[in-house]
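Below is one structure, written out as structure tokens; the observations come after it.
The values are calculated or read from the model by the stated rules, or taken from the named source; none is laboratory data. Keep in mind that this is a model prediction, so the values were computed, not measured. All Cβ positions, even for glycine, are placed from backbone atoms using ideal geometry, and neighbour counts span all protein chains on display. Areas reflect the complete protein model, heavy atoms only, side chains present, ligands, DNA and RNA absent. Shrake-Rupley method; radii C 1.70, N 1.55, O 1.52, S 1.80 Å.
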Amino acid sequence: MATTTPSLNQTIQDVFNEPGCGKNQAKSEKERKKGCTKQLQPGGAAGGCAFDGAKIALQPITDVAHLVHGPIACEGNSWDNRGAKSSGARTYRTGFTTDMDENSIVFGGEKKLYKSIREIVEKYDPPAIFVYQTCVPAMIGDDIDAVCKAASEKFGTPCIPIQSPGFVGPKNLGNKLAGEALLRHVIGTQEPEYTTPYDINIIGEYNLAGELWQVKPLLDELGIRILSCISGDAKYKEVAWSHRAKAAMMVCSKAMINVARKMEERYDIPFFEGSFYGIEDMSDSLREIARLLVERGADAELIDRTEAVITREEARAWAAIEPYRQRLSGKKVLLITGGVKSWSVVAALQEAGMEIVGTSVKKSTREDKEKIKKIMGDDAHMYDDLTPREMYRMLRKAEADIMLSGGRSQFIALKASMPWLDINQERHAAYAGYHGMVELVQEIDRSLSNPVWQEVRRPAPWAGEEASWQDRAIGESADMPREPTAPAKAA
Amino acid sequence: MAQIVKSTKACTVNPLKMSQPIGGALAFMGMRGAMPLLHGSQGCTSFGLVLFVRHFREAIPLQTTAMSEVATVLGGFENVEQAVLNIVKKTGPELIGICSTGVTEIKGDDLAGFVTQIRDRHPELADLALVQVGTPDFTGAFQDGWAKAVKALVEGLVEPPPADAKRDVRQVNVLPGCHLTPGDIDELRDIIEAFGLEPTFLPDISGSLDGHIPDDFTPTTLGGTGREEAAAMGLAGWTIAIGEQMRPAAEALEKKAGVPFRLFDRLTGLAPCDELICFLSEISGRPVPRKYRRQRGQLVDAMLDGHFSIGGTRVAIGAEPDLLHALSHFLHEMGAQIRTAVTTTQSPVLSELPCETVLIGDLEDLEEGAGDADLLVTHSHGRQAAERLHIPHFKVGIPMFDTLGAAHLVTIGYRGTRDLIFTLGNMLMEHHHEPQPEDWRDAWLQLTTAPLTEEEPVP
């Protein structure tokens, strides 16, 4: 490893050059330099910044103090708002920030940062402190690498600089920058007490709503040990010794591909890309885990045991979903989400007999889109940029019976008096594994069959002759053609 | 009299404070057909958006100039111009309210100049109102951002009346502080209208964030005060400002249009409500409606019933200055002791708070200072502290992300104060300590450690 720390720009270029990412490799040198994200459009952008992405990726490490170096906006407006669950430590839910004021801007914020680290060590004594760089201190030139280095030496607590100022790019880039920080400063710095041929890493799983715990019992049953989950319900030391795993599964599409790929390169840990969403995806993932472990020296009988578990669990899941298939058959779903969920959830919903009338692919990679095509067929309605107005129109015209999306767009559905389900990071329900898919189907059924929809669409007694748009929407839904009117297809 | 202490910690732990730009953005959301725009990195907007969505449980219009690293070094104006043009194209707003952020303030962007430039370059946007306000993240707090944005709205939209114009004495301007919920504003509107007066709220988040179902989809705000209503505020007989934070806006309105103002530092509690009602009766020339005479009686009765459970309790309270002011004086009047008070930013009201010290700090300070408090009063982020302290948590302020009906929590007026007494009293009664056999075993020891309150007995 290089002894000098590469600059943030170098790191970003490095991330853009990711050989594990087919999309980037297909680009010319010049194109690649521009990065993988579309130029953000002022007045038309939505979504988080790189800092947001870095925090999403790392905050699930539960025993670490996550210290945000910046003015109050970055942490004050956003802390303790993510659904990653912990089996023990609560430190990750404490909001730490240097809350930079005018003084720190004028004289530099490094001193305040150093003192903040000392206070955290003295009061909370965490195994490590992650220091997040934000726009303002990046602009005034605060060197958090140097402060972290000095503080680590002085206090004996590893202080990890996360170079993630918001203006360098969107959330997805932040995920990767977080991964770079782990690769550079954390992974490989500790040794596990013991290793087994059944040790795996799960990369890019954040244990939102406890989803890792929906999967873990099956791994436990198979004798497979999660040596490290990066980063759901992880302890610092577990990430630090993750380089001793025999194989890895990369969960969240490309968000942390740099971590998976570089760990393969550096530590010879083979990985595959898989998903815990959807029955078949779950089975495939278990198979892949078993296959990789056996390849790396685990007893071949693991494969038979895995197949037995898969057969049993699939049968249970199908049996649990069967009663719903009839009720949900033909129900139309509008799926507004990003990246991996756009295809992994599609398969799951189709398993329950539902029809996907549209899915957003704004954040999806080309591979994601290919997968969607494979699953949904060539006439898959993929939307690159579905405007809120268009979503609203689709719901109102009853081109969809239910919308699945993140919290920010929920009101587009609710204001149209249409069912909506949260499938993003703030959600409270867990949908992973075999159980999770049954739960998702149950939730959708519960939502669709709730009599409240009839109630809320009831017009006010004083409403005039002219029917409200809601009546019109209901009227139109009655004689709707089965095929949705052709929406603009993504290129 | 309280001493104001600023926390000396380098590290803020569990922030109570939120930033100025989103306070400003919320004020713009109280305008009809508005799109607030934060001039900064897209994360500034995204965090604010998520926060408001979770609090109001509403779609929130909020856009960003999406400053990239390169734009931060080289550009600025182009981003603002493009953002305005894109918003106009996509959403056709009546008003765009622009707030600066830390990034663009450090960069030194001259928003006022930008707006002038946009006006020059785009005569086709003549019908669009553009209001800008400087709200760096590294000074002040949410409340300050709100106050500055309202002042900017006054300066940008209110038209000075012509010299021969006759004031309409029935017209009343209301400048509500950001501590008033949509429910509070509705309550206040009812009270003012009961005197035959016609209030114009600037801004009016009750119209836009009260959770109503709109007739059609609109990506901008769904209600709120219209530009022409704001323009006409210069003809009103009076301005009523709620909360000390609204003084600069009220003064600006007086300066610009000559409308005299009366500032009510709070509307929670018997005496301040009496003052408001008397004032309204005076300026309207009407007697106090029967409804409010009855409500006053109900409040007095609630105070009598409620003082048993609220009196003598120790309260730890963390809120922005005006909300802190309203709640702590009210609690004090009910006989509660303000064990510790933490706030976010400087304000003239702080030194008058009914406690020894008030700390400009965070929720860690509040938790530490709470000690043997019986009740925690702060926004939803106090939930972890309340859990550790094993005391009830009355959630109030922004954000309230784990509560239904945050927009409809009413704590002002006779009725709002009455209901607040019931809510707090019930919380405290539920946590009432059941006597245990060992309670009095070492009772003398406990008695000597309990401090006497400094209050003089009322003769």
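Tell me, what ³J(HN,Hα) does each residue in the stretch A:42-56 have, in order and in whole Hz, if you take phi through Karplus 6.51 cos²θ - 1.76 cosθ + 1.60 with θ = phi - 60° and put x for Gly and Pro?
Those phi angles translate into x, x, x, 9, 9, x, x, 9, 4, 4, 4, x, 5, 5, 4 Hz.
Using modelled amide H (1.01 Å from N, peptide plane; none on Pro or chain starts), what sits under 5 Å from the amide H of residue B:238, excluding residues fewer than 5 places away?
Residues meeting the amide H criterion: B:173.
Return the Cα extents of the stretch A:37-78 along principal axes one, two and three, sorted largest first, each rounded to a whole Å.
Between the extreme Cα coordinates on each principal axis of the stretch A:37-78 lie 37, 21, 13 Å.
When the Cα centres of the stretch A:67-140 and the stretch B:121-165 are compared, how far apart do they sit, in Å?
Cα centroid to Cα centroid, the span is 33 Å.
Give me the log10 of I(q) over I(0) for chain B at q = 0.12, 0.13, 0.14 Å⁻¹, as the Debye formula computes it from C-alpha points; what are the numbers?
-1.04, -1.20, -1.36
Let's test the formula: R0 of 22 Å, r as the Cβ-Cβ distance of residue A:143 and residue A:122. What FRET efficiency results, to the nearest 0.05?
Once rounded, the FRET efficiency stands at 0.40.
Longest span of chain B, sites excluded, free of trypsin sites (Lys or Arg not before Pro) in DSSP loop with at most 11 other C-beta atoms within 10 Å? Numbers along the way, then the final one.
Values: sites that count: B:166, B:441.
Excluding the exposed sites themselves, the longest stretch runs over B:167-440.
What are the residues whose amide H is under 5 Å from the amide H of residue A:247, where those residues sit 5 or more places off or on another chain and H is modelled from the backbone?
HN-HN under 5 Å from residue A:247: A:201.
How large a share of the accessible area of the stretch B:18-139, in percent, is made up of carbon and sulfur atoms when the probe is 1.4 Å and the other protein chains stay in place?
53 percent
Quick one: if the Förster radius is 41 Å, what FRET efficiency do residue B:155 and residue B:1 give, using the C-beta to C-beta distance and rounding to 0.05?
The value I calculate is 0.75.
Can you tally the net charge around residue B:272? Count Lys and Arg as +1, Asp and Glu as -1, for every other residue whose Cβ sits under 15 Å from the Cβ of residue B:272. Intermediate results must be reported in sequence, preceding the final value.
Numbers: positive: B:262, B:266, B:296, B:415, B:418; negative: B:184, B:187, B:244, B:265, B:274, B:275, B:322, B:333, B:352.
So the environment of residue B:272 carries a net charge of -4.
What percent antiparallel are the DSSP beta bridges of the protein assembly as shown, to the nearest 5?
On the way: 4 of 88 bridges.
Within the protein assembly as shown, antiparallel bridges account for around 5 percent of the total.
If you add up the charges near residue B:40, with Lys and Arg at +1 and Asp and Glu at -1, over every other residue whose beta carbon is less than 14 angstrom from its beta carbon, what do you get?
-4
Under a plain spin-label model, where a point goes 7 Å from the Cα along Cα-to-Cβ, how far apart in nm are residue B:441 and residue A:154?
Result: 4.8 nm between the two label points.
Take the cross-link list A:55/A:112; A:112/A:235; B:148/B:256; A:171/A:415; A:149/B:107 and give me the ones stretching past 18 Å between alpha-carbons.
Long pairs (Cα-Cα over 18 Å): A:55/A:112; A:112/A:235; A:171/A:415; A:149/B:107.
Give the percent of DSSP beta bridges with both residues in the stretch A:38-185 that are antiparallel, rounded to the nearest 5.
In the stretch A:38-185, approximately 10 percent of DSSP beta bridges are antiparallel ones.
Taking 8 Å as the Cα distance limit and 6 or more residues as the minimum spacing, I'd like the relative contact order of the stretch B:18-139 as a percentage.
Working: 189 pairs, mean separation 39.8, N = 122.
Taking the mean separation of contacting Cα pairs over the length of the stretch B:18-139, I get 33 percent.
Checking the cross-link filter: which aspartates and glutamates have an alpha carbon closer than 17 Å to that of residue A:371, excluding same-chain neighbours under 8 positions apart?
Counting by Cα, and skipping residues close in sequence, residue A:371 has these aspartates and glutamates nearby: A:273, A:280, A:281, A:284, A:351, A:355, A:379, A:384.
Report the relative contact order of the stretch A:199-317, percent, no decimals, based on alpha-carbon pairs under 8 angstrom and at least 6 residues apart.
Taking the mean separation of contacting Cα pairs over the length of the stretch A:199-317, I get 24 percent.
If contacts are Cα pairs under 8 angstrom and at least 6 residues apart, what is the relative contact order of the stretch B:270-414 in percent?
21 percent
Please list 3J(HN,Hα) in residue order for the stretch B:17-25, calculated via the Karplus relation 6.51 cos²θ - 1.76 cosθ + 1.60 where θ = phi - 60°; whole Hz, with x for glycine and proline.
7, 10, 8, 4, x, 6, x, x, 4
Find the sum over both chains of the accessible area lost when B and A are paired, probe 1.4 Å, and report it in Å² to the nearest 100. Could the numbers behind the result be given before it?
On the way: alone 20930 and 22290 Å², together 37830 Å².
Buried: approximately 5400 Å² between A and B.
Using only the alpha-carbon atoms of the protein assembly as shown as identical scatterers, what base-10 log of I(q)/I(0) does the Debye formula give at q = 0.04, 0.09, 0.10 Å⁻¹?
Summing over Cα pairs of the protein assembly as shown leads to -0.20, -1.03, -1.26.
Can you give me the solvent accessible area of residue A:125 with a 1.4 Å probe, rounded to the nearest 10 Å²?
110 Å²
Any idea how far apart residue A:287 and residue B:301 come out in nm if each label point goes 7 Å out from Cα toward Cβ?
Output for this residue pair reads 7.3 nm.
May I ask you to give the solvent-accessible area per residue for chain B, in square angstrom, as obtained with a 1.4 angstrom probe?
Working: 18190 Å² over 459 residues.
Ligands and nucleic acids excluded, the figure is 40 Å² per residue.
If I model a spin label as a point 7 Å beyond the Cα along the Cα-Cβ vector, how far apart are those points for residue A:387 and residue B:388 in nm?
Calculated label separation equals 4.8 nm.
Kindly state, to the nearest 0.05, the FRET efficiency for residue A:320 paired with residue B:403, given R0 = 45 Å and r defined as their beta-carbon distance.
For R0 = 45 Å, the calculated efficiency reads 0.85.
In degrees from 0 to 90, rounded to the nearest 10, what is the angle of the helix B:111-121 Cα long axis to the longest principal axis of chain B?
Tilt of helix B:111-121: around 30 degrees.
Using amide H atoms built in the peptide plane, which far-off residues or other-chain residues are under 5 Å from residue B:409 H to H?
Correct list: B:183.
Just counting partner chain Cβ atoms within 10 Å, what average do the residues of peptide B:67-79 show around their Cβ?
Working: counts 6, 9, 12, 3, 4, 6, 2, 0, 1, 0, 0, 1, 4.
Neighbouring Cβ atoms belonging to other protein chains average 4 per residue here.
Can you compute 3J(HN,Hα) from phi for each residue in the stretch A:260-271, using the Karplus curve 6.51 cos²θ - 1.76 cosθ + 1.60 with θ = phi - 60°, rounded to whole Hz and x for Gly and Pro?
With coefficients 6.51, -1.76 and 1.60, one gets 4, 5, 5, 5, 5, 5, 7, 10, 6, 9, x, 9 Hz.
Rounded, prolate or oblate: which fits the stretch B:18-139, taking a ≥ b ≥ c as square roots of the Cα gyration tensor eigenvalues, rounded meaning a/c under 1.5, else prolate when a/b beats b/c? Walk me through the intermediate numbers first.
Numbers: a/c = 1.71, a/b = 1.10, b/c = 1.55.
Taking the square roots of the gyration eigenvalues as a ≥ b ≥ c, the stretch B:18-139 is oblate.
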